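A short worksheet on the structure shown next.
The values are calculated or read from the model by the stated rules, or taken from the named source; none is laboratory data. Owing to the predicted nature of the structure, the values given are computational and were not obtained by experimental measurement. Methodologically, a virtual Cβ is constructed for each residue, glycine included, from the backbone with ideal geometry; neighbour enumeration extends over all protein chains shown.
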Amino acid sequence: MADSPNCDLKSLSPLQLFERVTEQGEKVRALKAGKAPKDEIDTAVRMLLSLKQSYKTTTGQDYQAGLPPKDLVSINNGTTKEEDEDFVDPWTVQTSNAKGVDYDKLIVRFGSSKIDTDLINRIERATGQKPHRFLRRGIFFSHRDMDQILDAYENKKSFYLYTGRGPSSQALHVGHLIPFIFTKWLQEVFDVPLVIQLTDDEKYLWKDLTTEKAYEYARENAKDIIACGFDVNKTFMFSDLDYLGTSTGFYKNIVKVQKHVTFNQVKGIFGFTDSDCIGKISFPAIQAAPSFSSSFPQIFNGKENIQCLIPCAIDQARKSYYLDPYFRMTRDVAPRIGQPKPALLHSVFFPALQGAQTKMSASDPNSSIFLTDTPKQIKTKINKHAFSGGRDTIEEHRKYGGNCDVDVSFMYLTFFLEDDDRLEQLKQAYTSGELLTGELKKVLIETLQPLIAAHQERRKQVTDEMVTQFMTPRKLAFEF
Ligand code: TRP
């Protein structure tokens, strides 16, 4: 595993190598400061030099403290071909390929594991349920330690789910629902507790928002989350600004994480600089802590060792940074504070209407379908803005066919159309040229309109009292 201390340096990503060099530099400094024996210092210095050498070989750059690697080296053939490469660091995701990011490469770079047919079959056997379309279609494509969760589950040991949302605005688009739709399915088929963190503190720190506004957005976003159908008896949702002050369990875990992560490490992992406020620098500990069951004594009866499974989007497309580094850090700290490492499930990026290469933005209403859109807006947006893999003229389209790999309407259908056979028929017909772009768009419009309308109907039913109920610390319908 890439996050175990003794793995082969060649298998590390540039960012991971960067972290290693930073850590080793710290170690050398500490040894020197503590006047350690000379041979011990020499060994640590030799290790540092060899790490720096590996870093240079892998990235083609000299290591510079505080400056994480920017360009990623091709792992295909060992040459650097920046413009052909997907670019992923904690804050940015770009791809030059219209099909989107190459996920197999991403798995190698992350050191995570592919969700393969074996694992999907195992989930089916363990739960006795047909795997969710997000699993059948590779939308949740990567994991860390999901096999351990299943081992435990098959031995009648429970686990819990943890996911979250940064409430930066009221405008949620359909892509934001993906982790929640999937989490709801997981909660149902495994019948386990779920905690949902609303990081209003994070949004206060990062955006131009007051604490009051951030908290208000948290409660508003909670309504959309509740509208996904979560069971109030099995789900605890919390605002950081709120819960942190009332829970000693949560805060204890935060300081434990804080004690085990250095400034150098967070600089390396998240790219913080000396002029970032200290709130940002310590925030990763706050997002890490819900991965430990003792943060929720009311749910787990004070038990410390209940394993956690975190479904998350690798990228939160709107903001374009990925969450995995937070949980890589968490997994690194966990054994050092005597807690199990959280397991993870990663989903693919949700493409903007304009195509897989562009980024979605909450401030651009045309970049996606929003949960507040009317049937008419949905229709207009798709017809006007959904990037088409079809040909320029009907004649050409009939002759050469369309390209589903780059067609955003088809991509959205893979997320939202439940019927596998229908999806396959559409793919065949579009690829052969029998189905035109306008006809494919019509199918998407007719799929999304009722789905969004139903969401709006459910959201209308969610009252402030219900939000308060979800957000009240309490025991859930599980014995621990
Ligand atoms: N910081 C995340 C965001 O901005 C929200 C979040 C908190 C989260 N904890 C999480 C997301 C756990 C996934 C899993 O959206």
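Before moving on, here are some points about what is shown:
- Exclusive hit being surrounded by fewer than 18 Cβ atoms within 10 Å (Cβ to Cβ), among the small types (Gly, Ala, Ser), in the same structural domain as ILE181 (by the TED database) and closer than 30 Å to GLN16 by Cβ, set SER275, SER291: SER275
- Listed by first and then second residue, the pairs linking a residue in the range 285-301 that is closer than 14 Å to PRO473 by Cβ and free of Cβ contacts under 8 Å to residues at least 12 places away in the same chain to a residue that is within 12 Å of the ligand (Cβ to nearest atom) and among the β-branched types (Val, Ile, Thr), with Cβ atoms under 8 Å apart and 6 or more places separating them unless they lie on different chains, form an empty list.
- Filtered by the rule that a residue be assigned to a helix (DSSP H, G or I) and away from the ligand (no atom under 11 Å from the Cβ), the range 163-176 gives VAL174, GLY175.
- Residue ID - surrounded by the fewest Cβ atoms within 10 Å (Cβ to Cβ), chosen from residues in the range 382-400 that are free of Cβ contacts under 8 Å to residues at least 12 places away in the same chain and not in a loop (DSSP other than H, G, I, E, B): GLU395
- Filter pass, PRO179 being within 12 Å of the ligand (Cβ to nearest atom) and either of a type in the set (Phe, Trp, Tyr) or in a loop (DSSP other than H, G, I, E, B) (or both): no
Yes/no matrix, rows are residues, columns are (1) modelled with pLDDT under 95; (2) surrounded by fewer than 17 Cβ atoms within 10 Å (Cβ to Cβ); (3) under 22 Å from SER293 (Cα atoms); (4) not aliphatic (A, V, I, L, M):
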residue	(1), (2), (3), (4)
GLY175	yes, no, no, yes
LEU186	no, no, yes, no
LEU194	no, no, yes, no
ASP231	no, yes, yes, yes
ASP242	no, no, yes, yes
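- Subset of the range 401-415 [acidic (Asp, Glu) and either under 23 Å from the mean Cα position of the chain (by Cα) or in a helix (DSSP H, G or I) (or both)]: ASP405
- Any hit, the range 428-450, residues being under 24 Å from the mean Cα position of the chain (by Cα) and either assigned by the TED database to the domain that holds ASP102 or under 30 Å from VAL195 (Cβ atoms) (or both): yes
- The single condition from (1) more than 16 Å from the ligand (Cβ to nearest atom); (2) closer than 30 Å to ASP147 by Cβ; (3) surrounded by fewer than 22 Cβ atoms within 10 Å (Cβ to Cβ) that ASN264 fails is (2).
- Filter result for SER294 (more than 18 Å from the chain's Cα centre (by Cα), hydroxyl-bearing (Ser, Thr, Tyr) and either away from the ligand (no atom under 16 Å from the Cβ) or on the phi > 0 side of the Ramachandran plot (or both)): yes
- When residues of the range 187-219 are limited to those that are part of a helix (DSSP H, G or I) and more than 15 Å from LEU241 (Cα to Cα), the one nearest to the ligand (Cβ to nearest atom): GLN187
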